[in-house]
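Q: I have a structure I would like to understand better, so I am pasting it below and will then ask my questions one at a time.
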Amino acid sequence: MSLAGIERQLQQKSGSKKAVSPRWNPINSFFLIVSLIILGISSFLIASYILSLVSSIVSSSVTSPTSIPWIENKSDCQDTNRTWRDDKCWDYEHSSMF
């Protein structure tokens, strides 16, 4: 075997080592961890925004009038910004979620 043949074999071996580089080196692992953290935080923020939006829609649209049994006279009822009707104090902003 000649010296040129040995050099070619060494170049092929060193070239093949570069082609089979490990995928899980520290830099790739760092980027994967950072990406997962960013994905988790953004998912949490989007989910909390959607939940607060749904909650505000539900609470604002669903109100039902109810009588307040512990208020027994007109003046006490009107002092609490409610409506006196049929000898009862009515709250028209009462949420059914309460």
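The values are calculated or read from the model by the stated rules, or taken from the named source; none is laboratory data. It should be emphasised that the depicted structure is a prediction, and the values quoted were computed from it without experimental measurement.
Q: Take Ile33 and tell me if it is modelled with pLDDT of 90 or more, under 29 Å from the mean Cα position of the chain (by Cα) and assigned to a helix (DSSP H, G or I).
A: Considered against the rule, which asks whether it is modelled with pLDDT of 90 or more, under 29 Å from the mean Cα position of the chain (by Cα) and assigned to a helix (DSSP H, G or I), Ile33 comes out as yes.
Q: While we're on this one: I'm trying to understand the selection: among the residues of the range 53-74, which are assigned to a helix (DSSP H, G or I) and modelled with pLDDT under 90?
A: Of everything in the range 53-74, those that are assigned to a helix (DSSP H, G or I) and modelled with pLDDT under 90 turn out to be Leu53, Val54, Ser55, Ser56, Ile57, Val58, Ser59, Ser60, Ser61.
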